[in-house]
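**Student:** To start, I am sharing the structure in question, which I have written as structure tokens.
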Amino acid sequence: MATVILVRHGRTTANASGVLAGRTVGVRLDETGAGQATRTGERLAVAPLVAAVTSPLERCRQTTKAILAAQPNALRAQTDRGLTECDYGEWQGRPLKELAKEKLWATVQAQPSAVTFPGGESMVAMQARAVSAVRRRDALIEAEHGPGAVWLAVSHGDLIKSILADALGMHLDLFQRLHVDPASVSIIRYTATRPYVLATNTHAGDLSWLAPPPAKKAGTKTRRSRRTDDAAVGGGAGPSATA
């Protein structure tokens with residue numbers, strides 16, 4: 001069972017000024033966002049990553065670079081267009097306070113599955129490509145690196161919310177109940193049984209439990225692990241418990 005760490009890019013100049021950046025070229029992290037990305041990288045340094053993928057947009061590439069700079073092993077990120085921002089069409093580049101007056105705004109809030117942005121993408125299509133990109137990549141990484149692999153995907157707020165909604169079994173129309181802050185960490189583990197959402201929108205806290213256990217010495221006898229994809233009735237003992 002591989003584990004994906006979903007990180008939203010740090011705060012940008014557009015975020016700070018209340019503008020819907022969308023896929024606008026050249027939107028970069030501001031000073032606050034750069035600091036957020038650095039702190040997230042420091043937090044993830046205890047969880048050795050086997051792979052990193054990022055939205056092709058600059059703010060995500062900047063965030064990814066800051067995170068990988070803190071990793072103990074050199075790792076080169078790959079871009080994945082499946083993780084790029086929603087195509088907001090004619091809404092792109094406009095102030096949020098202006099967009100809030102549009103008739104479509106209420107539908108975005110209450111029934112996202114019915115929304116297609118004028119000249120842009122539907123929110124259903126956005127979720128489908130994002131979920132497909134993450135699930136496909138997760139399967140490839142587990143096949144290559146084994147079930148204890150931990151990898152990073154840096155993307156955008158609405159995309160991460162839609163991925164979390166899928167993992168939680170929530171209809172897209174409920175995804176506005178989720179919140180994903182700049183540079184926040186959310187964690188999903190996909191299994192043959194179901195996805196497990198291990199964290200959402202976190203900013204602090206120890207993540208060393210994500211690191212795989214040290215390899216056993218040759219010839220060492222160990223008790224066979226009883227770990228399965230089943231949910232622990234009652235909640236279980238937590239990640240620090242031995243198998």
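The values are calculated or read from the model by the stated rules, or taken from the named source; none is laboratory data. Quantities reported herein were computed from a predicted structural model and do not represent experimental measurements. Neighbour counts run over all protein chains shown; Cβ positions are idealised from the backbone, glycine included.
**Student:** Does residue 42 satisfy the criteria of being assigned to a helix (DSSP H, G or I) and either at positive phi or acidic (Asp, Glu) (or both)? Explain how you work it out, then say what you get.
**Tutor:** Numbers: assigned to a helix (DSSP H, G or I): yes; either at positive phi or acidic (Asp, Glu) (or both): yes.
Judged against the criteria, residue 42 is a match.
**Student:** Taking the conditions exactly as written (without any contact (Cβ under 8 Å) to a residue 40 or more places away in the chain, buried (at least 16 other Cβ atoms within 10 Å of the Cβ) and of a type in the set (S, T, N, Q)), does residue 71 satisfy them or not?
**Tutor:** Numbers: without any contact (Cβ under 8 Å) to a residue 40 or more places away in the chain: yes; buried (at least 16 other Cβ atoms within 10 Å of the Cβ): yes; of a type in the set (S, T, N, Q): yes.
For residue 71, the condition - without any contact (Cβ under 8 Å) to a residue 40 or more places away in the chain, buried (at least 16 other Cβ atoms within 10 Å of the Cβ) and of a type in the set (S, T, N, Q) - is met.
**Student:** In the list 183, 192, 128, 133, which residue meets the criterion of being over 28 Å from residue 31 (Cα atoms), surrounded by 13 or more Cβ atoms within 10 Å (Cβ to Cβ) and in contact (Cβ under 8 Å) with a residue 24 or more places away in the chain?
**Tutor:** Within the list 183, 192, 128, 133, the selection yields 133.
**Student:** Give the residues of segment 207-230 that are modelled with pLDDT of 75 or more and either exposed (fewer than 10 other Cβ atoms within 10 Å of the Cβ) or farther than 29 Å from residue 45 by Cβ (or both), sorted by residue number.
**Tutor:** Answer for segment 207-230, where residues must be modelled with pLDDT of 75 or more and either exposed (fewer than 10 other Cβ atoms within 10 Å of the Cβ) or farther than 29 Å from residue 45 by Cβ (or both): just 230.
**Student:** Just a yes or no: is a residue in segment 150-167 among the charged types (D, E, K, R), crowded, with 19+ Cβ neighbours inside 10 Å and touching a helix residue (DSSP H, G or I) at 6+ places or on another chain (Cβ under 6 Å)? Before you say what the answer is, go through the steps one by one.
**Tutor:** As a first pass, look at segment 150-167 and keep what is among the charged types (D, E, K, R): 158, 161, 166.
Restricting the remaining residues to those that are crowded, with 19+ Cβ neighbours inside 10 Å gives 158, 161, 166.
Checking the rest, the ones that are also touching a helix residue (DSSP H, G or I) at 6+ places or on another chain (Cβ under 6 Å) come to 161, 166.
Taking every residue of segment 150-167 in turn, at least one turns out to be among the charged types (D, E, K, R), crowded, with 19+ Cβ neighbours inside 10 Å and touching a helix residue (DSSP H, G or I) at 6+ places or on another chain (Cβ under 6 Å).
**Student:** Can you find, within segment 74-98, the residue that is modelled with the lowest pLDDT among those that are loosely packed, with under 14 Cβ neighbours inside 10 Å and assigned to a loop (DSSP other than H, G, I, E, B)?
**Tutor:** 74
**Student:** At pLDDT 80 or above and among the acidic types (Asp, Glu): does that describe residue 173?
**Tutor:** It is true that residue 173 is at pLDDT 80 or above and among the acidic types (Asp, Glu).
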